[in-house]
1. Expressed as a whole percentage, what fraction of the accessible surface of the protein assembly as shown belongs to carbon and sulfur atoms when a 1.4 Å probe is rolled over the protein heavy atoms?
2. Using a Förster radius of 41 Å, what is the FRET efficiency between A:Ser11 and A:Gln107 based on their Cβ-Cβ separation? Nearest 0.05, please.
3. Calculate how steeply helix A:292-302 sits against the longest principal axis of the alpha-carbon atoms of chain A, using the helix alpha-carbon long axis, and give the answer as 0 to 90 degrees to the nearest 10.
4. Probe 1.4 Å, all protein chains in place: accessible area of B:Thr8 in Å², nearest 10?
5. When only C-alpha pairs under 8 Å and at least 6 residues apart count, what is the relative contact order of chain A, in percent?
6. Evaluate the relative contact order of the range A:150-368 (contact order divided by residue number), counting alpha-carbon pairs under 8 angstrom at least 6 apart; express in whole percent.
7. Please give the helix B:114-127 orientation as an angle from the longest Cα principal axis of chain B, in degrees from 0 to 90, rounded to the nearest 10.
8. Just to be sure I understand: if you take the accessible area of chain A alone plus chain B alone and subtract the pair, with a 1.4 Å probe, what total do you get in Å², rounded to 100?
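The values are calculated or read from the model by the stated rules, or taken from the named source; none is laboratory data. As the structure is a computational prediction, the values presented were derived from the model and not from experiment. Virtual Cβ from ideal backbone geometry, glycine too; neighbours counted across all protein chains shown. Surface accessibility is based on the protein's heavy atoms, side chains included, excluding ligands, DNA and RNA. Shrake-Rupley method; radii C 1.70, N 1.55, O 1.52, S 1.80 Å.
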Amino acid sequence: MERSLLKITHSNDEITLIFSGELSLYEISKFQKQVDALDLDKIKNVTLDLNQLSFLDTAASIFINNFQKFLAFKKIDTQLICDKEEIQASLELVKNQKSDALPHAKQKNIIEIIGKETHAKYLGFLSFIAFLGLLFSTKIFYLKSVKNIRFREIAFEINESAIKALGIVALTSFLIGLVVAYQSAYQLKIYGANIFIVDMLGLSILRELAPLMTAVVIAGRSGSAFTAQIGAMKITEELDAMRTMGFDPYMFLVIPRIIALMVAMPILIFVADVSAVIGGMIIANLDLGITPELFLDRFNTVIDVKHFFVGITKGPFFAFLIASIGVYRGLMVQNDTQSIGFNTTKSVVEAIFAVIICDAIFSIAFTNLGI
Amino acid sequence: MSIIIKVTDVTTMFEDKMVHDRISLSINKGEIYGLLGPSGCGKTTLLREMVMLQKYNSGCIEILGNNLNYIQYEKAQKLRREWGVLFQAGALFSSLNIAQNIALPLKEYTDLSDKMISEIVKFKINLVGLKSRDALLYPSQISGGMKKKAALARALSMDPKLLFLDEPTSGLDPISARDFDNLILRLRSLLGLSIVIVSHDLKSIYDTLDRVAIIDNKKIVYEGTLDNIASANSHFIKTFFK
Ligand SMILES: Nc1ncnc2c1ncn2[C@@H]1O[C@H](COP(=O)(O)OP(=O)(O)O)[C@@H](O)[C@H]1O
Ligand SMILES: [Mg+2]
């Protein structure tokens, strides 16, 4: 591409600007500087010579046009020398194109931003409550009749979101069991209280660690998948298509997912219990010299079965929170692809948060009930 | 001729933006009726309101004798089986192949045997001009034109009386678009359908539509046959049907 040059000649109260070459948007800012540097105070006449230009693009035309307007504003006479038809046409195009001013994005102050955000959060909370209301009031009635229950979808979801997660749940819990045992083994050794590792692990794993870890893994794995699946279906109008065919998405997509996770979660927690205890047992054996027989014997005597049931009971509740938040976030997806990523992140964060709140409530409740 | 869809004084707002301002129109049985107008004038919105995907702010829509303002759940479910809807992008269920997509309503709503269902599916696939060998392809494996045909076959699977099509020929090459027009005309005469079409395709508008309503600037600026369209006073009509 030929470079464009600007030659400026002064004489008394006259300036001549001679442009040559291809004047395009790459050159404008350079020329703008040169033009801005001109001292126009005593100038009465400016000549713009475009005859040596071989090409003028629309951005450069806007630049020339603005410069002419600027000169007119300063009451300086302007001559435009331009014989080439294409270049005249380009200038004409810009001059005659009426464009409205672009709207300014309104500047918001901090108070307004906080207010709007809070209000949006409040509306979001209300809409989640509305979602739960809808879920319970109109949808639970489907489950009244056995023939309404969509066993196939539920089975499919149990497989997708739980059975396929068994491996990762087991592995994570195994490692957690390992780590917790390892950390406490060191402390216990100091006091020679080696055998109490069984009490400690048994209680913490069965009651808290296994249910929580399972919930976190499932929220990250299956909750986010629910959001992404349903969100994508919303964008491709599949949900609308279902509605027009009389297939209620709540019945086909929402309820099966929630039920599937509620059914599968206790099983996952059980698997997590087993693998975490195995992890702890290995450390107890290697680090503290407690044989598996001794470990299990002690486990049997000191860990009441109620602790196991406390952990398992939490399962369906956590599952309900994870699944309903995941599905709700999927339904909140708007008609753009960004929205899927945003809502998927939100669904995981909110699900984990909700699970922890729920766990805290359980803790208080169980303690006060003496369980 | 009996009226099957009657829209009366419908007003639609998105937050504070008005899209429809008291619009009224009526569609007769057996008609191919077009909803036309510039982009963003609310054609899709009106279509969505007719098929109960969206609420309007005031006015009323009556379809096959049901007033949508007061319709009850069971009635609404029944009504949904009497129409087919073709969405702009097809909206086939991406987890199901073409045959399963078409079979889904039949499986859910009837007690037909699997053999009978597969007969019906085969018939519908060929009716819309797809090949039987395409039946096992998934939506991600077929072209835009095939998607529209497959979606049409799904919309027709329950033998509806009423068909809603949102821009059926947009995004198709001219030859497929003309094929689609012929298909629509053929289906109307074969199955006695009433069809509501949103379209921008001038050729297909002239070839297929019996009557049209033109929405411009929130109002219906013209309703009637294409013959008298020049009589209407609207910038859109003057430029579009010049
Ligand atoms: N969900 C929505 N939220 C806000 N505005 C919308 C929404 N859907 C459509 N609109 C607006 O309504 C108008 C009509 O849209 P639409 O019916 O899709 O037009 P078209 O006639 O091109 O099909 C557009 O101006 C659009 O911006
Ligand atoms: Mg549209």
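1. The C+S portion of the solvent-accessible surface of the protein assembly as shown is 60 percent.
2. With R0 = 41 Å, the Cβ-Cβ based efficiency is 0.30.
3. Its long axis makes an angle of about 80 degrees.
4. Here the accessible area works out near 50 Å².
5. Relative contact order, chain A: 17 percent.
6. 36 percent
7. 50 degrees
8. 1500 Å²
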